[in-house]
There are 2 protein chains.
Amino acid sequence: MSANSESSLSRLFHPRSIAVVGASATPGKIGAMPITLLRQHGYDGGIIPINPRADTVQGLPAYPDLAALDGETDLIVLAVPAEHAADALAHARPGQAAGAVVFTSGFAEAGEPGRAAQQRLVDVARSLGIRLLGPNCLGFMNVRDRVYATFTPAAARDAAREGGIGMVSQSGAFGAYAYSMAQARGLGLSYWISTGNEADIDVADCIAWLAGDPRTRVIMTYMEGCRDGGKLRRALDAARDAGKPVVVTKIGRTQAGARAAASHTAALAGDDAVYDALFRQHGALRARTIEEFFNLGYALDTLRHYPRGKRLAILSISGGVGALMADEASDAGLGLPEPAPAAQARLLQHVPFASARNPIDVTGQAVTEPGLLWATAQDVLGDGQYDAVAVFLAAAGSSPALWPTFEAFAQGLRDKFPEVPAAICALFPVERQRQLEQQGCLVFADPSAAIRTLGVIASAFADTLSAHPAPEALDDAVATLDLPAGGCNEVQAMDILRQAGIPAPALALVGSADQAVAAAAALQGPAVLKIVSPDIAHKSDVGGVKVGVAGEPAVRDAYAGILAAVRGRRPDARIDGVLVAPLLRGGVECIAGAHLDPVFGPVVMFGLGGVFVEVLKDVSFRLAPFGRDQALGMIREIRGYTLLQGARGEPPCDIDAIADVLVALSRFAYRHRASIGSVEINPLLARPRGQGVVALDAVIAPRP
Amino acid sequence: MSANSESSLSRLFHPRSIAVVGASATPGKIGAMPITLLRQHGYDGGIIPINPRADTVQGLPAYPDLAALDGETDLIVLAVPAEHAADALAHARPGQAAGAVVFTSGFAEAGEPGRAAQQRLVDVARSLGIRLLGPNCLGFMNVRDRVYATFTPAAARDAAREGGIGMVSQSGAFGAYAYSMAQARGLGLSYWISTGNEADIDVADCIAWLAGDPRTRVIMTYMEGCRDGGKLRRALDAARDAGKPVVVTKIGRTQAGARAAASHTAALAGDDAVYDALFRQHGALRARTIEEFFNLGYALDTLRHYPRGKRLAILSISGGVGALMADEASDAGLGLPEPAPAAQARLLQHVPFASARNPIDVTGQAVTEPGLLWATAQDVLGDGQYDAVAVFLAAAGSSPALWPTFEAFAQGLRDKFPEVPAAICALFPVERQRQLEQQGCLVFADPSAAIRTLGVIASAFADTLSAHPAPEALDDAVATLDLPAGGCNEVQAMDILRQAGIPAPALALVGSADQAVAAAAALQGPAVLKIVSPDIAHKSDVGGVKVGVAGEPAVRDAYAGILAAVRGRRPDARIDGVLVAPLLRGGVECIAGAHLDPVFGPVVMFGLGGVFVEVLKDVSFRLAPFGRDQALGMIREIRGYTLLQGARGEPPCDIDAIADVLVALSRFAYRHRASIGSVEINPLLARPRGQGVVALDAVIAPRP
């Protein structure tokens, strides 16, 4: 985001005065709500109703149109029908306002006439230097400054609780619901923004702006899609660089959801797997459910430090629930190392029936002996090996007699182990819960939710946010690659990949049996002979492949046999020649590829061959370009990873070499994004560690 | 459960008088709490304190011991230390009491002396005809009759809300927490039972008893393990036969959880995959998290009808959240068929920007036009194609003006579509929510949780509870199978399986080259020759296998070659002969097996060969014996199922024939459970549909 854009958004979100065009006195009308809410919640800037048919609105002096205003007004709220919006805005003078929020619907979401009206509105705004939020949006709130530039009734009941969560939603309905959920869960907001049709300001702009906003610690966003992939990537990077986690809910994870999303937001639909890769790659935490969305936002805003690793200590007063939490920790990818032997011994000496490994069961003794919990926690956490602690107190949280114990416990944790995030699982009354939260302690009723939330955060911070180096700079240089008209054959494709730094054997394309013999003789072992033709996709089906050919007579036979077979079955096919390649065996067959996403550009794919790709769809994606850490991440992410680690008595594969290929492929695909539509290396043979990988066949298709 | 056992439990859980041994006047003591609670909550039976050192306890006349009581007392509460418990109980007369609840710990859970004390207690109780609940338990509550035979402080604050949920927990801490969670969520309980050490009455007894209890609609249980697998199976069947869903939380799903569970309850640990199979097979709904546990209990107790299938209608006032719900429906295995064309047309005519497919987006218009939601629901549900409906109202639930609309909506659903379960997703005030629930309507704040819950219930009822015929009778007949000492070779194993009804080619075991030639000539194609020796597990490694042998000279060569190779490399090995088998190719290689579980007896396993079993551990289990529906269920359950359906252009496999093999294997393993330790058929070749399956190799091991 340019400095100019940033400052115009800052003026928009911090207006000293607000003009409401279409201001109304009728309760509940969208032209009445913002004035009502601004006054109800104590906004102390100027409120200027614009209404040509009234002298005053809600007791405030009204103006007939924007032209009638003398001075500046930072923000214009447009609450007039779509067909009048552009004209109403056109009354403003250049520089008069920083931004306009457009509530009304009937624009691009409503078909052709609306699209034209939206374009006119955008043109007018641009000519006046006014940034647009909406149209077809619920507006925004700046909680600290009590700017309620919105008409959602959700804001009419109570003022939002002020806090560190900046919330951005493309959907107004979701946004209003999220506002109410945040109120119900006691989450504090810095800003609440609904972007609607995104004719100008989009979710990415808001994320980037919130990344620079000092009041915001955590960004929570709901997305249906995006039009400018590069902008979104830069926005997520800005948030990561600012140390502000971004929690995302995006619809369309499944086929059914994607179908529904496409019918809801035709223009924005895209490949969900690519969004998923984007979020992983840029450190955003994707929530699968609304509950997870709020659990993550709650935890990220409440904790004072985020976990630096994935080692969890579980303290429970019930062995059974401790085991249940261990199940959940295992699902969440958290490790449960045992406490130091001395700490174990001390607990067992004190409570012989305790379980001192991890999960640590202090038993019901913790209820009768108030100091036990804190003593055990000090002992266990003392050696510094844990990144987070989860505590289950069963029904004891409902017992007022124990509250001082738990508060001292939370206080102790904060003072002595400030960098170990803690979650207490119990049923506390709300005001007790808030006190613990103010100590930086998470409180959950459901221990499973506590562990899951810690797990997602720990994974994000351990794997992505802190362990990874700065993201690849998006070097926008484009190199042109002259692909043969109609695409290149596999000999050319392998040559191109080799030049891109991807190991691929030099293939000989021969035009005679003599050449074939010479090419085969140059190899160190038996050869593979294959027909090369732009017209033949499935070479084996037409007798175009001979495998394991050794010795001059066999090579001559194979050459002649291939040509005869192909000419017999496909007399029409153009034939480039016959390819002579070394026969390579041993290792695990993988697939690597790249394709162009309409929003995000080149995307690299990795998977194992055979049933893994074809039946299990077990593949991972990253947006190009990327470095080794991302490449290693996408290798480890597939379910078949164990096979690469050396399952079934096989040696482990050369995973570093696979990562090198993926990095090279990502740079190649990105650099040549103007020329190349897709690349598929299949198989990419991953050989045992130290022996590298080799591309055995490849197809490169030009950009359509 | 015998009628006698049932009546003794009924008397225990409905006592007309209760003697408290170890009765105390000191607030908070475990001998004081039950008396306090019984009086506080208005129990109207007799309360008889037993305390040799007091004339009265809490104002009630006390007796020195049980012998001093004249009449009967249905229930004895034992709140005395472990070392005195048996002696205290021994004062009772035979027939004086139906049952005793033993609160105190220090029994079997505390090592050897405690184990002996527990055995003495059991012996005394049995000699007096007294059923035991506990020891080391929190007791029980009978909510309607206000029997609070417990010392959990959780019950001290408010009386439990009365309702249809019978709750049984092995863990006291979990039980107490679950009680508080149930209170917090407004769930109504019939009984709350903590079983502790289960010296006599266990979770299975309680499930079976609750299955016959008219006040209980739903059974919620927390388990760590069980000792009597057959009893638990019969109890779950009794609940299913009574139409009462059982929701289960069992710890130990993961390795980490199982390790923790084992250290917590050494005697009860078992293979979690087998429990999982048990729950599927007997129709219990397993909850993965505590939240899911309560969501399921809540929904099952609130709904008046359970879904009969998996077709869901989604009605939303937000297209985006509708898509989010579609994602969740897809994950939950729910289908989203489109409404009838006429219903779609009517909605679109009325609201042109609506989305009339499914999810159905009625748009914010539903807020401004109160009748729209119900009109749309009537239209959509009218053609009878939906099994459930989920409705998202966004923040509108917080708007009092709309409450009459939503109540009319819920009332309309109930009156007109009583058999279509409905979930409304909104943030209502508690009292509004209760009103909707009283109409049989579910209310969730999180639409994801609503859909997930409906999905689990629909799957359970569609797949297991209603669609399936009555479970297999557990015929206890045992047949003896004389396996050769030291196990049988594969020729014998294949003969045994063939007799059990499993297709397996007749293998010839030959002792000479002439016999091999004759055996190969009798086959219709090429042969496989293999060494047969009890000492050689990996035949290929010693040159003991020749594949694709055709014609007399080749057979003679192969025979001689195998013997020479084996004698050269393993001169010590005993040789039973050489096996001549037909070479069969084509189809998908599967694995089927059976093993003996220490708690549940023979368990059958199914999976695909190769990476599916070895790398992905993609296998399913069922307890033997079972019928075709269960067999088909276990085939469909594996992730590689698509391969059996004919992935990659292959024809679909003969799935019916696989099911027949699994059924036959389950009956065989069950019938011969006294003789057989394990069976492994690997590979089991599944051929194209209509061509059956064939066992290509098998190992049968005797019971150790």
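A few notes on this one:
- Of all residues in segment A:216-244, those satisfying the criterion of being under 13 Å from the mean Cα position of the chain (by Cα) and more than 20 Å from A:Thr195 (Cα to Cα) are A:Asp237, A:Arg240.
- Of the residues making up segment A:152-171, those that are buried (at least 24 other Cβ atoms within 10 Å of the Cβ), in contact (Cβ under 8 Å) with a residue 40 or more places away in the chain and either away from chain B (no Cβ under 14 Å) or within 15 Å of A:Gly188 (Cα to Cα) (or both) are A:Ala155, A:Ile165, A:Gly166, A:Met167, A:Val168.
- Residues that are surrounded by 24 or more Cβ atoms within 10 Å (Cβ to Cβ), facing chain B (nearest Cβ under 10 Å) and more than 32 Å from the chain's Cα centre (by Cα) occur in segment A:298-317; there is at least one.
- Condition check for B:Pro135: within 16 Å of B:Leu38 (Cβ to Cβ) and either assigned by the TED database to the domain that holds B:Val247 or in contact (Cβ under 8 Å) with a residue 12 or more places away in the chain (or both): no
- Hits in segment A:419-452 (condition: closer than 14 Å to A:Met325 by Cβ, in contact with a strand residue (DSSP E or B) (Cβ under 8 Å, 6 or more places away or on another chain) and in a helix (DSSP H, G or I)): A:Pro447, A:Ala450, A:Ile451
- Any hit, segment B:655-675, residues being under 25 Å from B:Asp276 (Cβ atoms) and modelled with pLDDT under 90: no
- The selection criterion, being acidic (Asp, Glu) and either surrounded by fewer than 22 Cβ atoms within 10 Å (Cβ to Cβ) or in a loop (DSSP other than H, G, I, E, B) (or both), holds for B:Glu292.
- Of the numbered criteria (1) surrounded by fewer than 20 Cβ atoms within 10 Å (Cβ to Cβ); (2) facing another protein chain (nearest Cβ under 10 Å); (3) among the hydrophobic types (A, V, I, L, M, F, W, C), the one A:Val367 fails is (1).
- Candidate set: segment B:403-428, residues that are surrounded by 15 or more Cβ atoms within 10 Å (Cβ to Cβ) and among the charged types (D, E, K, R); chosen: the one nearest to B:Val389 (Cα to Cα): B:Arg414
- Scanning segment A:637-667 for residues that are within 13 Å of chain B (Cβ to nearest Cβ), part of a helix (DSSP H, G or I) and basic (Lys, Arg) yields no hits at all.
- Here B:Ile219 qualifies as in a strand (DSSP E or B), more than 14 Å from chain A (Cβ to nearest Cβ), surrounded by 24 or more Cβ atoms within 10 Å (Cβ to Cβ) and at pLDDT 95 or above.
- When A:Glu292, A:Glu338 are checked against the criterion of being within 30 Å of A:Ala173 (Cα to Cα) and of a type in the set (D, E, K, R), a single residue qualifies: A:Glu292.
- Conditions (1) closer than 22 Å to B:Ala669 by Cα; (2) surrounded by 22 or more Cβ atoms within 10 Å (Cβ to Cβ); (3) away from chain A (no Cβ under 14 Å): number failed by B:Gly607: (3)
- Set A:Ser355, A:Ser459, A:Ser398, A:Ser448: member being facing chain B (nearest Cβ under 10 Å) and surrounded by fewer than 23 Cβ atoms within 10 Å (Cβ to Cβ): A:Ser355
- Exactly one residue out of A:Ala117, A:Ala97, A:Ala88, A:Ala108 is small (Gly, Ala, Ser) and more than 38 Å from the chain's Cα centre (by Cα): that is A:Ala88.
- Taking the criterion of being β-branched (Val, Ile, Thr) and outside any helix (DSSP H, G or I), the residues of segment B:605-636 that qualify are B:Val615, B:Val619.
- Tally of residues being over 18 Å from B:Phe612 (Cβ atoms) and touching a residue at least 60 places away in the same chain (Cβ under 8 Å) across segment B:661-686: 16
- Of all the listed residues (A:Val578, A:Val566, A:Val547), the sole one being over 42 Å from the mean Cα position of the chain (by Cα), of a type outside the set (D, E, K, R) and in a helix (DSSP H, G or I) is A:Val566.
- Failed criterion for B:Ala477 (all others in (1) hydrophobic (A, V, I, L, M, F, W, C); (2) in contact (Cβ under 8 Å) with a residue 60 or more places away in the chain; (3) surrounded by 13 or more Cβ atoms within 10 Å (Cβ to Cβ) hold): (3)
- Among the residues of segment B:386-428, none is identified as among the polar types (S, T, N, Q) and in contact with a Lys or Arg (Cβ under 6 Å, 6 or more places away or on another chain).
- B:Asp200 being within 18 Å of the chain's Cα centre (by Cα), surrounded by fewer than 24 Cβ atoms within 10 Å (Cβ to Cβ) and either touching a residue at least 12 places away in the same chain (Cβ under 8 Å) or not assigned by the TED database to the domain that holds B:Leu38 (or both): no
- Test: residue in segment B:255-269 that is away from every other protein chain (no Cβ under 12 Å), over 13 Å from the mean Cα position of the chain (by Cα) and surrounded by fewer than 21 Cβ atoms within 10 Å (Cβ to Cβ): yes
- In the condition set (1) under 24 Å from B:Gly692 (Cβ atoms); (2) more than 14 Å from chain A (Cβ to nearest Cβ), B:Asp597 is compliant with all but (1).
- First in segment B:83-95 and in contact (Cβ under 8 Å) with a residue 40 or more places away in the chain, second anywhere and part of a helix (DSSP H, G or I) and surrounded by 19 or more Cβ atoms within 10 Å (Cβ to Cβ), Cβ under 6 Å, 6 or more apart: B:Ala85/B:Leu121; B:Leu89/B:Val124
- Hits in segment B:553-574 (condition: in contact with a helix residue (DSSP H, G or I) (Cβ under 7 Å, 6 or more places away or on another chain) and surrounded by 15 or more Cβ atoms within 10 Å (Cβ to Cβ)): B:Val555, B:Arg556, B:Tyr559, B:Ala565, B:Val566, B:Arg570, B:Ala573
- Listed by first and then second residue, the pairs with beta-carbon distance under 8 Å, at least 6 apart or on different chains, first residue in segment B:556-571 and of a type in the set (Ser, Thr, Tyr), second in a helix (DSSP H, G or I), are B:Tyr559/B:Ala513; B:Tyr559/B:Ala516.
- Note on segment A:318-346: residues that are assigned to a helix (DSSP H, G or I), more than 10 Å from every other protein chain (Cβ to nearest Cβ) and buried (at least 23 other Cβ atoms within 10 Å of the Cβ) amount to 0.
- Residue check, B:Leu616 touching a strand residue (DSSP E or B) at 6+ places or on another chain (Cβ under 6 Å) and buried (at least 20 other Cβ atoms within 10 Å of the Cβ): no
- If only residues of segment B:222-246 that are farther than 20 Å from B:Leu623 by Cβ and more than 10 Å from chain A (Cβ to nearest Cβ) are counted, the one that is surrounded by the most Cβ atoms within 10 Å (Cβ to Cβ) is B:Lys244.
The values are calculated or read from the model by the stated rules, or taken from the named source; none is laboratory data. These figures come from a predicted structure and were not determined experimentally. In this analysis, Cβ positions are derived from the backbone assuming ideal geometry, glycine residues included, and neighbour counts consider all displayed protein chains.
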